[in-house]
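The structure under discussion appears below in the form of structure tokens.
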Amino acid sequence: MKTNDINLNYEASVANRGNWARLKRVMKQAQDGGKLTLGFLGGSITQGCLASRPELCYAHRVYEWWCKTFPNAEITYVNAGIGATDSQFGCARADSDLLVRKPDFIILEFSVNDASTPHYMETYEGLVRKIVGSEGHPAVLLVHNVCYDNGASAQLIHSRIGRYYELPSVSMQSSIYPELLAGRLENRSITPDDLHPNDYGHELVASVISNFLERVLTDADNEEQESAFPKTPMTRNAYERSVRYRNDNCNPVLKGFEIDSEPQNGITDIFKKGWTAALNGASITFEVEGSCIGVQYRKTMQLPAPVAELILDGDEDHPFRLDANFDETWGDKLVLDTVLDHGEERKHTAIIRLTETHENDKLPFYLVAVIASGADQ
């Protein structure tokens with residue numbers, strides 16, 4: 001089956017028209033044969049999980065649309081998708097994984113990774129503000145994917161942010177998913193697990209995006225004034241200013257933990273630049289500043305695995321449990337646990353200590369990073 005075998009409602013796919021001035025500017029740059037960089041930031045769907053080849057994922061297909069549409073332009077493709085990650089992590093990694101490449105056009109895709117909660121509305125806004133307000137003023141398109149078994153998506157809260165910042169957005173919840181409900185499309189023809197698209201599913205997602213881009217291109221000759229960037233955020237917006245502490249930018253106190261000095265092979269090589277420990281009682285101590293603190297560590301399906309605790313500001317009576325045992329079978333997971341959310345804005349001490357190890361542990365405890373966020377970051 002091919003995209004033209006099914007009549008998607010492309011009109012309904014537009015969740016928000018938004019302001020097209022930045023996008024028209026980038027298209028004019030491409031028409032003039034200029035250089036431009038396309039960036040994609042999201043989770044496993046953006047990374048291309050379950051596409052049979054990287055070039056068949058939706059992101060690369062959209063890149064191909066730009067190359068075909070503007071053959072005289074010099075276009076660079078940057079895929080910054082990392083599976084099983086959310087917009088909270090996106091705030092901490094957007095600079096190093098994407099914005100350092102100075103993209104002209106960016107697609108954000110986190111609607112099946114974020115939950116539909118006030119917390120993720122805040123982290124998503126922080127990410128949007130960081131990107132829209134970045135140097136070069138890139139054009140941004142929000143992409144809302146969907147779970148194909150139940151229609152779940154964080155589109156509702158993400159759309160509120162999109163409308164506030166006048167960002168265009170497209171939705172699979174209102175374009176592809178209705179075809180499943182109507183019986184005109186079978187789940188297994190587009191996804192093996194009701195979440196990740198197969199090659200055909202990626203083709204459909206790319207068609208929704210490219211159809212929208214075609215609409216903008218058709219209207220490109222009509223001048224549009226860029227909307228003003230809102231100075232006041234919708235949420236408390238503590239996560240826009242996030243710092244990710246790894247072993248290449250900080251020096252915590254180590255007692256039994258060791259630095260992982262293995263080189264990192266790309267951003268999807270996620271268990272790197274951290275610290276490991278295997279002995280009960282081993283500890284690592286950080287001093288970070290902010291009002292929100294998160295900790296990233298590895299959950300492994302290779303059982304049994306160690307268990308650690310995080311003691312924040314000396315509060316031994318309320319430790320945060322960091323259990324590295326993972327009860328799924330699809331692979332090891334990079335976990336991000338929030339241990340302080342809108343606490344006092346100041347310096348905090350975080351001690352991570354192993355409390356449970358086993359003689360037959362397959363892997364050591366792997367601490368990937370501590371992330372601090374807040375007004376002064």
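The values are calculated or read from the model by the stated rules, or taken from the named source; none is laboratory data. Being a predicted model, the structure only gives us computed values, none of them experimental. As a convention, Cβ positions derive from the backbone with ideal geometry for all residues, glycine included, and neighbour counts pool all protein chains shown. What goes into the accessible areas is simple: the full protein's heavy atoms, side chains included, and nothing from ligands, DNA or RNA. Shrake-Rupley method; radii C 1.70, N 1.55, O 1.52, S 1.80 Å.
Only residues that are under 17 Å from Ser44 (Cα atoms), out of contact with any Ser or Thr (no Cβ under 7 Å at 6 or more places or on another chain) and open to solvent by less than 40 Å² (accessible area, probe 1.4 Å) were counted across segment 57-71, and they come to 3. Here Ile371 clears all of (1) under 28 Å from Leu195 (Cβ atoms); (2) assigned to a loop (DSSP other than H, G, I, E, B) except the condition numbered (2). Scanning segment 261-314 for residues being part of a strand (DSSP E or B), crowded, with 17+ Cβ neighbours inside 10 Å and charged (D, E, K, R) gives a total of 3. The residue that is farthest from Tyr177 (Cα to Cα), among those in segment 25-36 that are open to solvent by less than 20 Å² (accessible area, probe 1.4 Å) and touching a residue at least 60 places away in the same chain (Cβ under 8 Å), is Leu36.
Sort out which residues of segment 88-117 are among the hydroxyl-bearing types (Ser, Thr, Tyr) and either in a strand (DSSP E or B) or open to solvent by 30 Å² or more (accessible area, probe 1.4 Å) (or both), and write them in order of number.
Across segment 88-117, the qualifying residues are Ser96, Ser116, Thr117.
Test Tyr124 against the stated conditions and say whether it is surrounded by 23 or more Cβ atoms within 10 Å (Cβ to Cβ) and not in a helix (DSSP H, G or I). Taking the combined requirement at face value, the residue does not satisfy it. Among the residues of segment 320-357, those that are open to solvent by less than 60 Å² (accessible area, probe 1.4 Å) and either outside any strand (DSSP E or B) or at pLDDT below 95 (or both) comprise Ala324, Phe326, Gly331, Asp332, His342, Gly343, Thr357. So, Ala21, is that one small (Gly, Ala, Ser) and more than 26 Å from Val128 (Cα to Cα) or not? Judged against the criteria, Ala21 is not a match. For Met172, state whether it is touching a residue at least 40 places away in the same chain (Cβ under 8 Å) and within 14 Å of the chain's Cα centre (by Cα). No, not satisfied.
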